[in-house]
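K.L.:
Let me begin by handing over the structure; questions about it come next.
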Amino acid sequence: MSDGMISYVLYGKEDLRPERRTVPEVKPGQVLIKVRRMGICGSDVHYFIHGYCGVFIPKRPFILGHEFAGEVAETGAGVKGVSVCDRVAVDPSYPCSICRFCRTGRYNLCDNMKYLGSASTDPHVDGAFCEYIAMPAANCYVLPDKIDYGEAALLEPLSVATHAVMRAGSVSGKSVLIAGGGTIGQLVLLVVRAFGSAHIVLSDIREAPRKLALNQGADHVLDATTDSMKGQALGIVEDGFDIIFEVSGSPAALGQAIDLVRRAGTIIQVGTLPSEVELPANMIMVKELNILGSFRFANVFSTAINLIASGRINLRPLITHTFPFGNFLSAMNLACGKENIIKVQVEA
Ligand SMILES: [Zn+2]
Ligand SMILES: [Zn+2]
């Protein structure tokens, strides 16, 4: 490892460079992980296309990537429960553990959260688009044999979806609309199905995600671009959906959700919306709606692992493309496209 490792470093808009860096040193309590599988997330794509992600504007080059799994290559002093050669999935969040949100278990809302591969804090936190990464052993989850690296690299987005579903309370027997069929929407579909929802409907403006959703167990899919969508939806659930997950980040979809949710129903906002949005807000009062946000995840990594290992959900159809590490830039360019792509992963 003395000649270092290749990392993919974001220098700016559409400027992602392979760069030789030193393999990180393992501090006490940490493990060194040989990264085996990386997933490209919508936020990575955002950083790549625009040079920034929402309000997070990089001040200097940093390594992207927060969805990954790998093999433990070295353990630091005092590490217990994780050994060399273990296959691990990794929680990419570093909450401070002392603020009031951390102390009440809602560490996704931490005042001082650091997140892998993110410019949300300064200094930025280097991510996992590299060959080796040092992580606290506490962030590592040893994988059961049944879970492969591809599935394991989907644990972070699956945790986002699981958290969103749990924000809704009990979903069993309830009618659910998922607005948006990208990775998180597809994962929400799998989780509500595993948790026993009835009448699961997914809407998207693109055909490929609708097709995939049907194959993955949606009862119906709707084309969100058509004027007849409302009529079709109400043909499925007469008085509206019990729960709607807004995953697309489209203001129109949130407005439509307020229209399509039943009285006293629940909307979970998971997608990233523009900062200002016009809404039929009076309906929130008239229909006594519960509108809740869902941000990243907390305390659900083990649940997500159980869902995969038990066979309750199958993530493999979501991995639509896999590239070798040397072709990282091709993977990123493909992930920037929209059609027929759910999750692009890179294998090392
Ligand atoms: Zn992600
Ligand atoms: Zn905190």
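K.L.:
Give just the number: which of (1) within 30 Å of Ile147 (Cβ to Cβ); (2) hydrophobic (A, V, I, L, M, F, W, C); (3) surrounded by fewer than 20 Cβ atoms within 10 Å (Cβ to Cβ) does Ala331 not satisfy?
P.N.:
The number of the failed condition is (3).
K.L.:
Can you tell me which residue among Ile63, Ile57 is within 16 Å of ligand 1 (Cβ to nearest atom) and among the hydrophobic types (A, V, I, L, M, F, W, C)? Spell out how you get there, then give the answer.
P.N.:
Details: Ile57 fails: within 16 Å of ligand 1 (Cβ to nearest atom).
One residue alone meets the criteria, Ile63.
K.L.:
Also, I was wondering about something else. Given Gly293, Gly337, which one is exposed (fewer than 14 other Cβ atoms within 10 Å of the Cβ), over 21 Å from Leu177 (Cα atoms) and not hydrophobic (A, V, I, L, M, F, W, C)?
P.N.:
On the way: Gly293 fails: over 21 Å from Leu177 (Cα atoms).
Exactly one residue qualifies, and that residue is Gly337.
K.L.:
With the condition kept exactly as written, say whether any residue in the range 115-124 is under 29 Å from Thr225 (Cα atoms), aliphatic (A, V, I, L, M) and part of a loop (DSSP other than H, G, I, E, B).
P.N.:
Checked the range 115-124: no residue is under 29 Å from Thr225 (Cα atoms), aliphatic (A, V, I, L, M) and part of a loop (DSSP other than H, G, I, E, B).
K.L.:
Among Glu25, Glu67, which is the only one that is at negative phi, among the charged types (D, E, K, R) and touching a strand residue (DSSP E or B) at 6+ places or on another chain (Cβ under 6 Å)? Spell out the reasoning first.
P.N.:
Numbers: Glu25 fails: touching a strand residue (DSSP E or B) at 6+ places or on another chain (Cβ under 6 Å).
Of the residues listed, the single one that is at negative phi, among the charged types (D, E, K, R) and touching a strand residue (DSSP E or B) at 6+ places or on another chain (Cβ under 6 Å) is Glu67.
K.L.:
Would you mind finding the one in Ala194, Ala198, Ala224 that is touching a residue at least 24 places away in the same chain (Cβ under 8 Å) and more than 23 Å from Thr162 (Cα to Cα)? Give the derivation first.
P.N.:
Working: Ala194 fails: more than 23 Å from Thr162 (Cα to Cα); Ala198 fails: more than 23 Å from Thr162 (Cα to Cα).
The unique qualifying residue is Ala224.
K.L.:
Shifting gears a bit: Within the range 128-160, track down each residue that is within 16 Å of ligand 1 (Cβ to nearest atom), touching a helix residue (DSSP H, G or I) at 6+ places or on another chain (Cβ under 8 Å) and assigned to a loop (DSSP other than H, G, I, E, B).
P.N.:
Phe129, Leu154
K.L.:
From the residues in the range 107-122 that are surrounded by fewer than 19 Cβ atoms within 10 Å (Cβ to Cβ) and either small (Gly, Ala, Ser) or touching a residue at least 60 places away in the same chain (Cβ under 8 Å) (or both), which one is nearest to ligand 1 (Cβ to nearest atom)? I'd like the intermediate steps shown before the answer.
P.N.:
Residues of the range 107-122 surrounded by fewer than 19 Cβ atoms within 10 Å (Cβ to Cβ): 109, 111-112, 114, 120-122.
Remaining after also requiring either small (Gly, Ala, Ser) or touching a residue at least 60 places away in the same chain (Cβ under 8 Å) (or both): 109, 120, 122.
On the way: Leu109: 17, Ser120: 13, Asp122: 21 Å.
Ranking the candidates gives Ser120 first.
K.L.:
Here is a further query. Only one residue in Ile243, Ile184 is closer than 14 Å to Thr266 by Cβ and among the β-branched types (Val, Ile, Thr), so which one is that? Don't jump to the end; show me each part of the working.
P.N.:
On the way: Ile184 fails: closer than 14 Å to Thr266 by Cβ.
Every option except Ile243 fails the conditions.
All of the numbers you see were taken from the coordinates with simple rules; none came from a lab. As the structure is a computational prediction, the values presented were derived from the model and not from experiment. Here the Cβ is made from the backbone with ideal geometry for all residues, glycine too, and neighbour counts use every protein chain on show.
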